[in-house]
1. Do we find that Gly121 is over 19 Å from the mean Cα position of the chain (by Cα) and over 30 Å from Asp62 (Cβ atoms) in this structure?
2. What are the residue pairs meeting all of these: first residue in the range 151-163, first residue in the same structural domain as Thr129 (by TED's automatic domain parsing), second residue in a loop (DSSP other than H, G, I, E, B) and hydroxyl-bearing (Ser, Thr, Tyr), Cβ atoms under 8 Å, and 6 or more apart or on different chains?
3. Inside the range 143-157, can you point out the residues that are under 14 Å from Leu183 (Cβ atoms) and either touching an Asp or Glu at 6+ places or on another chain (Cβ under 6 Å) or crowded, with 18+ Cβ neighbours inside 10 Å (or both)?
4. What do you reckon, is Asp123 modelled with pLDDT of 95 or more and over 21 Å from Asp42 (Cα atoms)?
5. Please find, among Leu126, Leu86, the residue that is outside the structural domain of Cys47 (by TED's automatic domain parsing) and either of a type in the set (A, V, I, L, M) or surrounded by fewer than 21 Cβ atoms within 10 Å (Cβ to Cβ) (or both).
6. Do you know which of the residues in the range 184-199 that are under 12 Å from Val118 (Cα atoms) and at pLDDT below 80 is surrounded by the most Cβ atoms within 10 Å (Cβ to Cβ)?
7. For Leu86, indicate whether it is in contact with an Asp or Glu (Cβ under 8 Å, 6 or more places away or on another chain) and either part of a loop (DSSP other than H, G, I, E, B) or not hydroxyl-bearing (Ser, Thr, Tyr) (or both).
8. How many residues does the range 27-67 contain that are polar (S, T, N, Q) and surrounded by fewer than 16 Cβ atoms within 10 Å (Cβ to Cβ)?
Amino acid sequence: MKTSAVSLLLGVSVLLLSGQTVSADPQVILEIPALPVVAGSDVTLRCTSKDQVALEAFFIRDGSKLGSGPEGQFTIRNAQPSDEGLYWCYFDQTEESPRRWLSVRDPQVSLEIPALPVVAGSDVTLRCTSKDQVALEAFFIRDGSRLGSGPEGQFTIRNVQPSDEGLYWCYFDRTEESPRRRLSVRAGAAVGSLVLLVLVLVGVLWLRRNKTGN
């Protein structure tokens with residue numbers, strides 16, 4: 001894993017080797033984090049122009065088309081070290097923005113949470129881990145509101161429901177926050193069985209009605 005200093009030096013070296021010159025007053029500008037972003041977080045790139053407003057922008061990384069986004073925005077979900085590189089953007093029929101380097105570093109704090117939807121009614125245990133903290137109390141957040149805390153970096157949601165869906169993160173005392181992780185909840189087997197039973201009853205009534213009519 002490259003350090004932040006190495007990443008920044010590499011970005012500068014690429015710019016120098018490519019002969020890229022930066023206009024004193026560029027027409028198109030790419031807004032990108034200047035500091036390394038934490039792996040696992042979402043990163044939004046914004047492309048702005050003096051002449052273009054709320055139009056689709058195109059984004060490039062290391063010479064390959066990354067994608068496009070409406071209103072000049074493009075979000076990299078769950079950024080990883082492989083997303084490091086030299087970025088730039090442009091609008092249709094405009095010049096390209098100056099190149100910007102994106103650095104990604106490993107998180108100091110991580111939240112372990114089910115990647116797949118959990119079944120409503122089950123218990124879900126969240127685990128907060130840190131490179132520097134071992135078996136200490138962790139604090140858990142959901143959608144910006146304090147959820148609670150748990151010893152040894154663990155917190156269990158009992159009888160999870162759809163209302164528990166949302167973005168979660170955690171932290172230890174005096175540490176940075178973990179990247180955001182989404183928890184999804186799906187209907188349990190009981191609900192599914194009830195829906196199936198209702199459908200069967202409706203089918204039976206429909207068949208009887210047709211038979212009586214004939």
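1. In short, yes.
2. Asn159/Ser122; Val160/Ser122
3. Within the range 143-157, Leu147, Phe155, Thr156, Ile157 meet the criteria.
4. Considered against the rule, which asks whether it is modelled with pLDDT of 95 or more and over 21 Å from Asp42 (Cα atoms), Asp123 comes out as yes.
5. None of the other options fit; the residue is Leu126.
6. Checking each candidate, the answer is Gly188.
7. yes
8. Count: 2.
The values are calculated or read from the model by the stated rules, or taken from the named source; none is laboratory data. Predicted model, so just to flag it, every value in this text is computed and none were measured. Cβ coordinates were reconstructed from backbone atoms using ideal geometry, including for glycine residues, and neighbour counts include every protein chain displayed.
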